[in-house]
Amino acid sequence: MSLRKINTVLAAAFVLFILWFGTEFILSPETTAPGFGLPSLPSGDGGGFLIIKGIRDVVLALVLGVLLLTGHRRALGWVLLVEALAAYGDMATVLAHHGSVATALGVHCLTATLMVVNGLLIMRETRRAAATALPGT
């Protein structure tokens with residue numbers, strides 16, 4: 001299998017996974033939240049933040065999906081690198097609030113790291129095309 005196909009499958013998997021997870025937070029935040037890794041659910045009006053997290057995830061997935069479907073592969077690589085920061089931020093949030101270390105590392109850190117790897121592989125895949133597109137090279 002070519003590097004391009006591997007990158008496409010990984011990026012599509014991220015789109016579907018993030019879209020599914022975000023949708024779950026919007027539709028049933030109280031049942032999805034325990035999987036995030038924090039020790040307790042927000043109380044009172046704090047549950048709205050779970051829906052905000054879901055909306056964030058859906059938007060992140062849609063941005064990746066649009067870039068993937070339109071063939072903007074170099075931009076897709078950059079966006080994967082940048083969006084990995086959200087997953088690293090989720091990891092840091094879980095750890096800072098005494099949540100599940102296993103979830104912080106096994107879900108959030110692993111997801112972020114795989115996004116970085118996928119982004120770097122796409123950047124490598126598109127490096128030659130980007131170099132020939134530069135004027136004067």
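Values computed for the structure shown
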read-out	value
Subset of region 28-70 (residues that are over 12 Å from the mean Cα position of the chain (by Cα), open to solvent by 80 Å² or more (accessible area, probe 1.4 Å) and touching a residue at least 12 places away in the same chain (Cβ under 8 Å))	30, 39, 55
So residue 16, is it open to solvent by 60 Å² or more (accessible area, probe 1.4 Å) and either in contact with an Asp or Glu (Cβ under 6 Å, 6 or more places away or on another chain) or at pLDDT 95 or above (or both)	yes
Count of residues meeting criterion [open to solvent by less than 20 Å² (accessible area, probe 1.4 Å) and in contact (Cβ under 8 Å) with a residue 40 or more places away in the chain] in region 111-127	5
Among (1) without any contact (Cβ under 8 Å) to a residue 40 or more places away in the chain; (2) assigned to a helix (DSSP H, G or I); (3) over 15 Å from residue 12 (Cα atoms); (4) of a type outside the set (Asp, Glu), the one test that residue 107 misses	(1)
Residue match in region 53-65 (condition: of a type in the set (Lys, Arg) and in contact with a Ser or Thr (Cβ under 8 Å, 6 or more places away or on another chain))	no
Test: residue in region 85-99 that is of a type in the set (Val, Ile, Thr), open to solvent by less than 40 Å² (accessible area, probe 1.4 Å), under 18 Å from residue 20 (Cβ atoms) and touching a Phe, Trp or Tyr at 6+ places or on another chain (Cβ under 9 Å)	no
Positions within region 100-110 being open to solvent by 40 Å² or more (accessible area, probe 1.4 Å), out of contact with any Leu (no Cβ under 8 Å at 6 or more places or on another chain) and among the β-branched types (Val, Ile, Thr), in sequence order	107
Helices (runs of 4 or more DSSP H) wholly inside region 1-102 that include at least 2 residues being under 22 Å from residue 122 (Cβ atoms)	3-27, 48-70, 73-96
Residue check, residue 48 more than 22 Å from residue 118 (Cβ to Cβ) and in contact with a Ser or Thr (Cβ under 7 Å, 6 or more places away or on another chain)	no
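Results for (1) under 17 Å from residue 7 (Cβ atoms); (2) modelled with pLDDT under 95, shown as yes or no for each residue.
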residue: 36; (1), (2): no, yes
residue: 57; (1), (2): no, no
residue: 71; (1), (2): yes, no
residue: 95; (1), (2): no, no
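The values are calculated or read from the model by the stated rules, or taken from the named source; none is laboratory data. Nothing here was measured: the structure is a model prediction, and the numbers come from that model. Heads up, the Cβs are rebuilt from the backbone with ideal geometry, glycines too, and the neighbour counts pull from every protein chain shown. Quick note on the areas: whole protein, heavy atoms, side chains included, nothing else; ligands and nucleic acids left out. Shrake-Rupley method; radii C 1.70, N 1.55, O 1.52, S 1.80 Å.
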